[in-house]
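Asker: Would you mind keeping the following structure in view while I ask a few things?
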Amino acid sequence: MTNIVLLNRGRQYCIFNTEDFSLFKINEFSYKLLNHFIKYQNIAQTASKFNISENELITTLSVIGFNAHIHSQRDNNIIKHNRKIERITLHISNDCNLRCKYCYANGGSYGKVRNMMTPSTALQFVDYCCKNFDTIENIVFFGGEPFLNCSVIELVCKSFQEKYNHGLLKYMPKFGAITNGTIISDNVFNVIQKYFSFITISADGPKEINDLNRVSQNGKGSFDTIDRFIRQISRFNNLHIGIESTFTYQHIKLGYSREMIRNFFIDRYGISADIIDEISLDEENMGTDNMQKPEDSIWFNSILSTIVNKKSESKCQILHSTFAISTDGQIYPCHMNIGDGIKPVASIWGSINDIDKNLENNTTYSLKNNPTCLNCWAKNLCGGCSRIWFFDKIKNTYSDIPNKNKCTEFKRIAEQALLKICEIRTTPTKWQKLLYSINPQRNFLITP
């Protein structure tokens, strides 16, 4: 396998270098020449067939950064827990004040009894973290709706601060939450302003579409309250605000594209929303309902960011560097696993050794380190949620190889996205507009 991927659609031809993420257009002759060489790996034969000198071919291969690779299966041994955690998702609430129609968590309860994390469990969580980890980068308060239990959120943040002040903690985590943005109170805003570094609000677009799905128990829409919430926290300094929108069949029916939803939030708040697909929509087509516009795919922005920033996408390393904790203190690989029948791997009343043992005895948590992924040309473009790629819904467990259908579909999406990026880069104004859409705060000085 080589690091060069040739792409074509009609009479459009592009080269993608999987190592340095360079992407550029070529003509039909170059496409056929390179395709022949990659197939036969013979400089003399290819040069002769296309009536060029061997030196010309060697120069061409050097310019595009061609490098032949023979992939071998890597050592699949699990790396033990290194006492550094990127993210802990803390289920502070097992209840929600909304009843979103597409909610995978049964209105925030995950099919369990609705409850809140108690102060004693919260303090045990803080002690567990201080005892077992040198560094925790981020703690994300989650639900249900986390701000239904704002007093315990404040207790956790305050307790970490006190541990840090007394030298019992070497590194202060960054705190944040994923919220529906409908709990309006002075205490909520005070906690956010005092302790939070980031927050993500769930909102689905303009009022007419948001209020179709994101409704309270009495069926009332949530847009006006969310709008008030976002405008209030936008005044806080040093708070990174994100918006996550769930794209549904109702969006399609009403004529909304992902780009339109993204532009709505940029125009209204100056925030670029992450667009995710409703679960049923994702299962059918991974967000490719309109592949006449590849840039409308849910994966387009992440692929674009990879090309622009020349940084490989990665899948969340469940248990290795991220995990979730339920309201009763049980530890799960992912927040999506709470309530789905998977047994917890440990608890905050136990030892970090419990997680280490689980990693040692279960190769399925060594995700992306398998022959299928290692030999895939798109391995540096796909990333995000490991559960999407590796969770076997029939067996209700994680697999050590990715879902074949999703891989095939993603590679098709990636090809079309790369070709579209190549096409857009030929028009500087369109290219700059596209770059602005992924990060309106950054001043890109990139030319095609």
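Listed here are the residues, each with its yes/no results for (1) at pLDDT below 90; (2) among the polar types (S, T, N, Q); (3) not assigned by TED's automatic domain parsing to the domain that holds T225.
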position: F66; (1), (2), (3): yes, no, yes
position: N76; (1), (2), (3): yes, yes, yes
position: N94; (1), (2), (3): no, yes, no
position: N97; (1), (2), (3): no, yes, no
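Asker: Then there is this: Return the residue satisfying two criteria in turn: it lies in segment 183-201 and is surrounded by fewer than 22 Cβ atoms within 10 Å (Cβ to Cβ) and not in a helix (DSSP H, G or I), and of such residues it is farthest from the chain's Cα centre (by Cα).
Answerer: For segment 183-201, the residue satisfying everything is S185.
Asker: Something else now. From the list C373, C385, exactly one residue is surrounded by 15 or more Cβ atoms within 10 Å (Cβ to Cβ), closer than 30 Å to A414 by Cα and under 23 Å from the mean Cα position of the chain (by Cα). Which is it?
Answerer: Numbers: C385 fails: surrounded by 15 or more Cβ atoms within 10 Å (Cβ to Cβ).
Residue meeting the stated conditions: C373.
Asker: Sticking with this one: Among the numbered conditions (1) farther than 17 Å from F236 by Cα; (2) at pLDDT 95 or above; (3) in contact with a helix residue (DSSP H, G or I) (Cβ under 7 Å, 6 or more places away or on another chain); (4) in a helix (DSSP H, G or I), tell me where S151 comes up short.
Answerer: (3)
Asker: Can you tell me which residues in segment 228-243 are of a type outside the set (A, V, I, L, M) and within 17 Å of D274 (Cα to Cα)? Steps first, please.
Answerer: Going residue by residue through segment 228-243, those that are of a type outside the set (A, V, I, L, M) are 228-229, 231-232, 234-238, 240, 242.
Answer for segment 228-243, where residues must be of a type outside the set (A, V, I, L, M) and within 17 Å of D274 (Cα to Cα): H240, G242.
Asker: Find all pairs meeting these conditions: Cβ atoms under 8 angstrom apart; at least six residues apart or on different chains; first residue within segment 34-63 and in the same structural domain as C14 (by TED's automatic domain parsing); second residue loosely packed, with under 11 Cβ neighbours inside 10 Å.
Answerer: Listed by first residue and then by second, the contacts come to A47/S53; E54/A44.
The values are calculated or read from the model by the stated rules, or taken from the named source; none is laboratory data. Fair warning: this is a prediction, and the values are worked out from it, not measured in the lab. Glycine also receives a Cβ, built like all others from the backbone with ideal geometry; neighbour counts cover every protein chain displayed.
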